[in-house]
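A.B. asks: I am attaching a structure below and will ask some questions about it afterwards.
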Amino acid sequence: MKFRCCLWGLALAFALGTPGACAAQTLRQAAGKIGLLVGAAANPDLFSEAAYSQTLARQFNMIEPENAMKWRATEPKEGVFEFRAGDAIVAFAAAHGMKVRGHNLLWGRYNPAWLTQGRFTPEQLRAIMKRHIQTVVRHYRGRVFAWDVVNEAFDRKGRLRHTIWYDRPGIGLAGKGTAYIAQAFRWAHEADPHALLFYNDYAAEGINAKSDAIFAMVKEFMREGLPIAGVGLQMHVDSQAEAEANVAANMARLEKLGVEVQITEMDVALPRNGEGKARQSALAWQAKVYRRVALACAADPGCTAFETWGFTDRYSWIPRHTHGEKGAALLFAADYKPKPALGAVLDAFAQALGKNPEIRQERLRFERKVEGAVREGVIPSAVSAPPGN
């Protein structure tokens, strides 16, 4: 019952605005006890805001760039690479004992105009794609432990999306299924053989047509000996159906193939009232969703990271994406105060430890992989929280 008492202590401390013994526990401390990476996507332009940077450093042991490592940011002009924003992410991580998860190398969106409007032949596009992937990965070699190599390649029916990389015009592999995805993984692996390479997608958390297609692709890649280390399940929730997705079953079947599974972009969007706020009942429902997903991950040694897309409602993408209809999707409110969802995630981590006191030991194989990917002493170990954090 210790973690239940802890939850009550958290709730009381939050209500009174006073820190208690239990409330002092951070996400990264709780995650460190179970060997889990707990992270958030971040914007380096906001590091100068004290509350933003302090909350990020205190609560998380992993960081991922929202946009700073995507194609439009890293190669804004053909052959001209720009790494200042991504380097700021890496520097922040090094200063605060965090790991860096790279996002992303190849996507059908967020590409610069020179690329999308360039009228390249498949042969030219193939050369451009290889150069970009390998230049970016080599720049961060030894400092970024994992990459989302390909992002959102399938539609909800499990079909490959029409993209510049696949068939518009593609790199010469149109009609050959996931061959272009496999090629992206090969090139990334050549650039950094130690980095852990992931496929990342949304609406594929449960068992459905999209997750079936991803499962089939991973199974084929593993059979062919391709360097895929894992699958990222984004976990953007804005409906009851998505909240009830059978995440545990999907994670289990992927893990049987021999890959890691990570929750990579979780948020839970809520309807907003006339004052632009979420109702208390909605916040309670949100906490239940966060707790269920966090527990599914925390209790499963094959799930090695739990990450949210941002961490404060102040800068969430949800209001903009839903034209203001929804918001309040993250663990911290716009004023950085903890929400019930934060207590729910801490509760889930504690419950996982209570059920299996050896769970951290069972994740040591993953910790060794991470340490193997981060070399030259650039980024300190972050799975265990540093003293005083």
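A.B. asks: Does at least one position in the range 223-235 carry a residue that is over 21 Å from residue 368 (Cα atoms), surrounded by fewer than 22 Cβ atoms within 10 Å (Cβ to Cβ), over 16 Å from the mean Cα position of the chain (by Cα) and in contact (Cβ under 8 Å) with a residue 60 or more places away in the chain?
C.D. replies: No, every residue in the range 223-235 fails to be over 21 Å from residue 368 (Cα atoms), surrounded by fewer than 22 Cβ atoms within 10 Å (Cβ to Cβ), over 16 Å from the mean Cα position of the chain (by Cα) and in contact (Cβ under 8 Å) with a residue 60 or more places away in the chain.
A.B. asks: Going by the conditions given, is residue 208 out of contact with any strand residue (DSSP E or B) (no Cβ under 6 Å at 6 or more places or on another chain), modelled with pLDDT under 95 and surrounded by fewer than 23 Cβ atoms within 10 Å (Cβ to Cβ)?
C.D. replies: Taking the combined requirement at face value, the residue does not satisfy it.
A.B. asks: Take the residues in the range 184-194 that are out of contact with any strand residue (DSSP E or B) (no Cβ under 6 Å at 6 or more places or on another chain) and closer than 22 Å to residue 304 by Cβ; name whichever of them is surrounded by the most Cβ atoms within 10 Å (Cβ to Cβ).
C.D. replies: 192
Let's see how each residue does on (1) within 23 Å of residue 152 (Cβ to Cβ); (2) touching a Cys at 6+ places or on another chain (Cβ under 6 Å); (3) modelled with pLDDT of 95 or more; (4) surrounded by fewer than 18 Cβ atoms within 10 Å (Cβ to Cβ):
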| residue | (1), (2), (3), (4) |
| --- | --- |
| 77 | no, no, yes, yes |
| 86 | yes, no, yes, no |
| 89 | yes, no, yes, no |
| 93 | no, no, yes, no |
| 101 | yes, no, yes, no |
| 106 | yes, no, yes, no |
| 114 | yes, no, yes, yes |
| 118 | yes, no, yes, yes |
| 121 | no, no, yes, yes |
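A.B. asks: Looking for whichever is surrounded by fewer than 19 Cβ atoms within 10 Å (Cβ to Cβ), touching a strand residue (DSSP E or B) at 6+ places or on another chain (Cβ under 9 Å) and closer than 24 Å to residue 64 by Cα here; the options are 292, 314, 279. Which one fits?
C.D. replies: 314
A.B. asks: What number of residues in the range 315-369 are of a type in the set (D, E, K, R) and in contact (Cβ under 8 Å) with a residue 40 or more places away in the chain?
C.D. replies: So the answer is 11.
A.B. asks: For the range 237-247, enumerate the residues that are under 28 Å from residue 220 (Cα atoms) and buried (at least 17 other Cβ atoms within 10 Å of the Cβ).
C.D. replies: Correct list: 242, 245, 247.
A.B. asks: Could you check, for the range 57-65, whether at least one of its residues is in contact (Cβ under 8 Å) with a residue 40 or more places away in the chain, assigned to a strand (DSSP E or B) and either at positive phi or within 16 Å of the chain's Cα centre (by Cα) (or both)?
C.D. replies: Among the residues of the range 57-65, at least one is in contact (Cβ under 8 Å) with a residue 40 or more places away in the chain, assigned to a strand (DSSP E or B) and either at positive phi or within 16 Å of the chain's Cα centre (by Cα) (or both), which makes the answer yes.
A.B. asks: Is there a residue being part of a strand (DSSP E or B), out of contact with any Gly (no Cβ under 9 Å at 6 or more places or on another chain) and small (Gly, Ala, Ser) anywhere in the range 237-253?
C.D. replies: No, because not a single residue in the range 237-253 is part of a strand (DSSP E or B), out of contact with any Gly (no Cβ under 9 Å at 6 or more places or on another chain) and small (Gly, Ala, Ser).
A.B. asks: Report every pair of residues separated by at least 6 positions or lying on different chains whose Cβ atoms are under 8 Å apart, first residue within the range 42-53 and more than 14 Å from residue 84 (Cβ to Cβ) and in contact (Cβ under 8 Å) with a residue 24 or more places away in the chain, second in a strand (DSSP E or B) and hydroxyl-bearing (Ser, Thr, Tyr).
C.D. replies: Listed pairs, sorted by first residue: 52/312.
A.B. asks: Please work out which one of (1) modelled with pLDDT under 95; (2) farther than 20 Å from residue 54 by Cα; (3) touching a Leu at 6+ places or on another chain (Cβ under 8 Å); (4) of a type in the set (A, V, I, L, M) is the condition residue 382 fails and give its number.
C.D. replies: Unmet condition: (2).
A.B. asks: Looking at (1) closer than 23 Å to residue 360 by Cα; (2) surrounded by fewer than 21 Cβ atoms within 10 Å (Cβ to Cβ), can you tell me which one residue 60 breaks?
C.D. replies: With respect to (1) closer than 23 Å to residue 360 by Cα; (2) surrounded by fewer than 21 Cβ atoms within 10 Å (Cβ to Cβ), residue 60 is out only on (2).
A.B. asks: Only one of 355, 339, 288 is among the basic types (Lys, Arg) and farther than 22 Å from residue 272 by Cβ; which?
C.D. replies: Going through 355, 339, 288 in turn, just one is among the basic types (Lys, Arg) and farther than 22 Å from residue 272 by Cβ: 355.
A.B. asks: Identify, please: which residue in the range 278-322 is hydroxyl-bearing (Ser, Thr, Tyr) and not in a helix (DSSP H, G or I) and is, among those, farthest from the chain's Cα centre (by Cα)?
C.D. replies: 322
A.B. asks: While we're here: If I filter the range 131-169 down to residues being farther than 23 Å from residue 90 by Cβ and among the basic types (Lys, Arg), which single residue comes out as surrounded by the most Cβ atoms within 10 Å (Cβ to Cβ)?
C.D. replies: Looking at the filtered set, the residue picked out is 161.
A.B. asks: While we're looking at this one, here's another question. Considering only the range 249-265, I want to know if a residue exists there that is at pLDDT below 95, within 18 Å of residue 286 (Cα to Cα) and surrounded by 17 or more Cβ atoms within 10 Å (Cβ to Cβ).
C.D. replies: no
A.B. asks: Another question about this same structure. For a quick check of your reading: which helices (runs of 4 or more DSSP H) sit entirely within the range 70-182 and have at least 3 residues that are in contact (Cβ under 8 Å) with a residue 60 or more places away in the chain and under 21 Å from the mean Cα position of the chain (by Cα)?
C.D. replies: Of the helices (runs of 4 or more DSSP H) lying wholly inside the range 70-182, those with at least 3 residues that are in contact (Cβ under 8 Å) with a residue 60 or more places away in the chain and under 21 Å from the mean Cα position of the chain (by Cα) span 84-95.
A.B. asks: I'm told residue 247 meets every condition in (1) touching a residue at least 24 places away in the same chain (Cβ under 8 Å); (2) more than 22 Å from residue 355 (Cα to Cα) except one. Can you identify the failing condition by its number?
C.D. replies: Result: residue 247 fails condition (2) only.
The values are calculated or read from the model by the stated rules, or taken from the named source; none is laboratory data. Worth saying up front: this structure is predicted, and the values here are computed from it rather than measured. Reconstructed Cβ throughout: ideal geometry from the backbone, glycine too, with neighbour counts over all protein chains shown.
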